[in-house]
Amino acid sequence: MYYRGTKEQCEDYNTKVTSKENYQGSTNSWANVTSNQNGQGFAILKHKNYQSDMTLIDKIPDSWYNNTELWKKLKTTLKEHATIYTPL
């Protein structure tokens, strides 16, 4: 799940989650803000413990990406945070 909003909203959400989770060491922020290739729209990975007024979406549409490097960056972000969504 992701939140979709403005760049500022996504950055503020990242700051909030990062601050509340007190990340240190190699993990120094919650997630990367992803931008739509056409420059209209931004999204950020939703943290299970923090809500937002932004629009909740299931996934970032494939149409947002136009090159392999962006996909690699997103996949890395998801792998880094995958343990947060692992059932106990």
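The values are calculated or read from the model by the stated rules, or taken from the named source; none is laboratory data. Because the structure is predicted, anything quoted here is derived from the model rather than measured. Positions of Cβ are backbone-derived with ideal geometry, glycine not excepted, and every protein chain shown enters the neighbour counts.
Looking across Thr27, Thr55, one residue alone is modelled with pLDDT under 90 and out of contact with any Pro (no Cβ under 6 Å at 6 or more places or on another chain). It is Thr27.
Restricting the first member to the range 3-26 and to residues that are more than 11 Å from Ser52 (Cβ to Cβ) and of a type in the set (D, E, K, R), and the second to residues that are part of a loop (DSSP other than H, G, I, E, B) and at pLDDT 90 or above, the beta-carbon pairs closer than 7 Å and six or more apart or on different chains are Lys7/Val33; Glu11/Val33; Lys20/Tyr50; Glu21/Trp30.
For the range 1-31, a tally of residues being under 24 Å from Ser63 (Cα atoms) and surrounded by fewer than 16 Cβ atoms within 10 Å (Cβ to Cβ) returns 5.
A search for C-beta distances below 8 Å between a residue of the range 73-85 that is farther than 17 Å from Lys48 by Cβ and any residue that is modelled with pLDDT of 65 or more, counting only pairs 6+ apart in sequence or on different chains, returns Lys73/Asn32; Leu74/Asn32; Leu74/Thr34; Leu74/Ile60; Leu74/Tyr65.
Could you tell me which residue of the range 18-35 is farthest from the chain's Cα centre (by Cα), considering only residues that are outside any loop (DSSP other than H, G, I, E, B) and closer than 20 Å to Lys75 by Cβ? Reasoning before the result, please.
Here is the first cut: in the range 18-35, the ones outside any loop (DSSP other than H, G, I, E, B) are 18-21, 34-35.
Still in the running and closer than 20 Å to Lys75 by Cβ: 34-35.
Working: Thr34: 7, Ser35: 10 Å.
Checking each candidate, the answer is Ser35.
Does Ser63 satisfy being part of a helix (DSSP H, G or I) and either of a type in the set (Gly, Ala, Ser) or exposed (fewer than 14 other Cβ atoms within 10 Å of the Cβ) (or both)? So Ser63 fits the description; yes.
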